[in-house]
Every structure is written in structure tokens, then in C-alpha cells.
Amino acid sequence: LKAVENRKKEGTTDRGGRTIGYSYLMQKDTINGTFWLRNHEKFCLQSITQNTSASEHKGSYLDLALIYAALGEMEKAYECLEETEERDSYPLWWVTMMRNEPPFNIMRNEPRFQQILHRIEEKYQKQHDEVKEWLMEEGIL
């Protein structure tokens, strides 16, 4: 916690705020939790505005969905998740995050979340199968 407090004093609260903020919320510290989550929200929104690689690949939207879920802002979380669906493919870690990140627990069993997750899993599997086929054609597998 000392390192976290030092980051706060130094003003370096933009990165890592999603995890730190959620941790504070789980400890029932809504003031610090909200502080860190809102700072990371600002970082993500700035990333989108500046069209950084994180926003181009929709990572900023996934972070925002996690932030909004942690804050109980479900409609905003869903809007961000739907924005992430514009990707053509997804790495396995992305699917794993959607399946396991604690902030999504509150919505994970809802049909809307399950539909989004299913579409993302399908895109991941399609790319996985295409890569496997290519590796087999090249004699690598």
C-alpha cells in the first residue's frame, strides 16, 4: 500500500488504477477505490481521444468496461463491451479476462454479457483454427 500511496502523492495515478481501484472497493474503501478507477477512466478516455494503439485495438474499451462494472455502471460497461466487438480477432488472454476478471462477476451470468462473450470466443476460435491450419500447411505442426 505504501507504493500505491506514493504513486498517488507523485500524481502517477493513470496506469494500474483499474486493479488498484477494484482492490480498494473490495476492502470497502469506496473513496480510494473510486479515486483510482476514475483516474484510470480518464487515462482510457484520453487514449481513445488520442487514438493510441490501446484504443485502436479496443483495449481501452475493455478497461473501461471493467471500470464501469466495478462502479456498478452496467449500461456503460455494456456499451464499452459492445465497442470491443469491432475487433476481427482476440487473443486468448482477452477471452480469459472476460471469463474471470472479478469486476465482471456482477454481470457475467446475464444473457447480454453471455452473448457478447460468445461472439468474442467465436472470433478467437476462428483465428486459432486459421493459425493452426496455416501451421499445418507449412509443416510446422
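Observations
- Residue list for region 44-72, filter: surrounded by 17 or more Cβ atoms within 10 Å (Cβ to Cβ), closer than 17 Å to Y22 by Cβ and over 13 Å from the mean Cα position of the chain (by Cα): L71
- Within region 93-115, residues that are closer than 21 Å to I20 by Cα and touching a residue at least 12 places away in the same chain (Cβ under 8 Å) have Cβ atoms under 9 Å from residues that are surrounded by 13 or more Cβ atoms within 10 Å (Cβ to Cβ) and of a type in the set (D, E) in these pairs: M98/E121; R99/E121, counting only partners at least 6 apart in sequence or on another chain.
- Residues in region 70-111 that are part of a helix (DSSP H, G or I) and either touching a strand residue (DSSP E or B) at 6+ places or on another chain (Cβ under 9 Å) or of a type outside the set (G, A, S) (or both): 25 in all.
- Residue in region 105-122 that is under 30 Å from Y24 (Cα atoms), hydrophobic (A, V, I, L, M, F, W, C) and surrounded by fewer than 16 Cβ atoms within 10 Å (Cβ to Cβ) present: yes
- Applying a threshold of 6 Å to beta carbon distances and a minimum spacing of six or more residues, or different chains, the list of pairs starting in region 118-141 at a residue that is in a helix (DSSP H, G or I) and ending at one that is surrounded by fewer than 13 Cβ atoms within 10 Å (Cβ to Cβ) reads L135/L141.
No value in this document is a laboratory result; all are computed from the given coordinates. No experiment lies behind these values; they were computed from the predicted model shown. Every residue, glycine among them, receives a Cβ derived from its backbone with ideal geometry; neighbour counts consider all protein chains shown.
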